[in-house]
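One structure is given here, and the rest of the page talks about it.
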Amino acid sequence: MNPWRDERLRPVLAACVTLGFAVGVFAVSFGVTSVSAGASVGQTCVMSLLVFTGASQFAAVSVFGAGGSAASAFGGAALLAARNSVYGLAMAPHLRGSLGRRLLAAQLTIDESTAMAAAQEDESHRVAAFWITGLSIYFFWNIGTLIGALLGSAIDPKVFGLDAAFPAAFLAILWPLLRERRSAMAALIGATVCVTLIPFVPVGVPILCAAVGILVGVPQPVSRAESVGFEVQP
């Protein structure tokens with residue numbers, strides 16, 4: 001059966017396109033922020049076309065806008081983008097095909113496309129959700145970036161609160177995770193390290209150092225006795 005003619009797939013596709021549009025609206029704030037930070041319209045649009053990961057793009061232009069170095073901007077952006085490699089490993093078994101097809105899939109492997117795909121129980125629906133979400137977001141993200149970049153030279157992002165759009169959205173995503181003990185500890189350690197270093201190191205470096213917080217999420221070694229189901233008595 002052709003999955004694209006499956007009526008059960010229609011609500012999924014509608015949700016994917018709607019999500020893409022919503023992300024595109026959010027991209028307007030990136031375009032405005034990037035141009036306000038000193039990038040040209042062309043540079044801003046090329047970043048969205050090639051990098052295509054919102055958190056990394058916002059991190060990079062925020063560091064540049066605050067006077068940070070290219071190394072700091074790249075380092076912070078690379079740390080945030082590293083999670084996409086994990087998504088790639090998870091999606092690889094479902095996205096086979098030619099080299100060109102796999103390269104395109106790699107470009108579209110982001111939080112939203114992976115999440116929408118993982119939510120589907122049927123394999124064909126999973127693949128369709130990935131492609132439709134990825135392509136929709138790519139299209140709307142770049143359209144939104146262009147609109148924001150063109151507006152960036154005409155408006156002040158601080159007046160409309162666009163400079164706070166990304167931090168607010170990031171906190172909204174982070175907040176539910178703070179209910180878990182390890183996630184809360186990681187956030188606390190990262191925030192403490194970042195705030196402590198701000199007065200002493202160049203812009204962008206505190207964010208890189210704050211990544212030490214992820215160490216609390218590294219799995220603890222399991223002894224051989226525990227791995228086979230025995231309890232070690234004191």
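Select from the range 87-119 the residues that are among the hydroxyl-bearing types (S, T, Y) and modelled with pLDDT of 85 or more and write down the one among them that is surrounded by the fewest Cβ atoms within 10 Å (Cβ to Cβ).
Checked the range 87-119; the qualifying residue surrounded by the fewest Cβ atoms within 10 Å (Cβ to Cβ) is S98.
Restricting attention to the range 71-111, which residues are polar (S, T, N, Q) and either outside the structural domain of A60 (by TED's automatic domain parsing) or touching a Phe, Trp or Tyr at 6+ places or on another chain (Cβ under 8 Å) (or both)?
Residues satisfying the conditions are Q107, T109.
Could you go through the range 135-158 and let me know if any residue there is among the aliphatic types (A, V, I, L, M), within 27 Å of S48 (Cβ to Cβ) and at pLDDT below 85. It would help to see each step written out before you state the result.
Let us first name the residues in the range 135-158 that are among the aliphatic types (A, V, I, L, M), namely 135, 137, 143, 146-147, 149-151, 154-155.
Narrowing further to those that are within 27 Å of S48 (Cβ to Cβ): 135, 137, 143, 146-147, 149-151, 154-155.
After this cut, where a residue has to be at pLDDT below 85 as well, the list is 154-155.
Yes, the conditions are met somewhere in the range 135-158.
Residue by residue, here is whether (1) at pLDDT 75 or above; (2) more than 20 Å from the chain's Cα centre (by Cα); (3) not acidic (D, E) holds:
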| residue | (1), (2), (3) |
| --- | --- |
| R181 | yes, yes, yes |
| M185 | yes, yes, yes |
| T192 | yes, yes, yes |
| V195 | yes, yes, yes |
| F200 | yes, yes, yes |
| I207 | no, no, yes |
| V212 | yes, no, yes |
| P219 | no, yes, yes |
| V222 | no, yes, yes |
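Would you confirm, using the coordinates I've provided, whether F130 is over 23 Å from A39 (Cα atoms), surrounded by 17 or more Cβ atoms within 10 Å (Cβ to Cβ) and at pLDDT 90 or above?
yes
On the basis of being assigned by TED's automatic domain parsing to the domain that holds T145 and within 30 Å of S124 (Cβ to Cβ), does C16 make the cut?
yes
When the range 37-55 is examined, which residues are found to be buried (at least 22 other Cβ atoms within 10 Å of the Cβ) and modelled with pLDDT under 90?
G54
Could you identify the single residue in T114, T133, T145 that is within 16 Å of the chain's Cα centre (by Cα), closer than 25 Å to G31 by Cα, in the same structural domain as N84 (by TED's automatic domain parsing) and free of Cβ contacts under 8 Å to residues at least 60 places away in the same chain?
When all the criteria are applied, what remains is T114.
The values are calculated or read from the model by the stated rules, or taken from the named source; none is laboratory data. What you see is a predicted model, and the numbers here were worked out from it, not measured in a lab. Every residue, glycine among them, receives a Cβ derived from its backbone with ideal geometry; neighbour counts consider all protein chains shown.
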